[in-house]
Amino acid sequence: MDITKDMLISDILEKDQSIAGVLMNMGMHCIGCMAASGESLEQAMYVHGFPEEAVDKTVEMLNEIVASKKTE
């Protein structure tokens, strides 16, 4: 199953823990916060001031990361 912008952050991190580092490098340091586990990726990115186009690009990037790990 692909990552979508409406997926909970906690569900995304279950797919691949390295995604936490990617999101933190983007400035989303809330990843470790208990409240963030109940937010969707889209909600968290909007809270951090990212525009919708950045949300879509991030979803693409995260799916590429997960797909590349499947081929390794």
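Table for the structure above
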{"item": "Any chance residue 15 is among the basic types (Lys, Arg), on the phi < 0 side of the Ramachandran plot, surrounded by fewer than 17 Cβ atoms within 10 Å (Cβ to Cβ) and more than 9 Å from the chain's Cα centre (by Cα)", "result": "no"}
{"item": "Pairs with Cβ under 7 Å, 6+ apart, first in region 36-47 and surrounded by fewer than 17 Cβ atoms within 10 Å (Cβ to Cβ), second outside any helix (DSSP H, G or I)", "result": "37/8; 38/8"}
{"item": "Number of positions in region 1-18 that are at pLDDT below 85 and in contact with a strand residue (DSSP E or B) (Cβ under 7 Å, 6 or more places away or on another chain)", "result": "0"}
{"item": "Segments classed as helices (runs of 4 or more DSSP H), wholly inside region 9-72, with at least 1 members that are among the charged types (D, E, K, R)", "result": "9-15, 41-47, 52-71"}
{"item": "Single match in 21, 27 (criterion: modelled with pLDDT under 90 and of a type outside the set (Ser, Thr, Tyr))", "result": "27"}
{"item": "Sole exception among (1) in contact (Cβ under 8 Å) with a residue 40 or more places away in the chain; (2) more than 16 Å from residue 6 (Cβ to Cβ) for residue 68, by number", "result": "(1)"}
{"item": "Residue selected from region 1-12 under the condition surrounded by 12 or more Cβ atoms within 10 Å (Cβ to Cβ) and in contact (Cβ under 8 Å) with a residue 12 or more places away in the chain, by the criterion nearest to residue 52 (Cα to Cα)", "result": "5"}
{"item": "Scan of region 18-50 for residues that are over 12 Å from the mean Cα position of the chain (by Cα) and closer than 20 Å to residue 67 by Cα, ordered by number", "result": "none"}
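The values are calculated or read from the model by the stated rules, or taken from the named source; none is laboratory data. Keep in mind the model is a prediction, meaning the values are calculated, not measured. Here the Cβ is made from the backbone with ideal geometry for all residues, glycine too, and neighbour counts use every protein chain on show.
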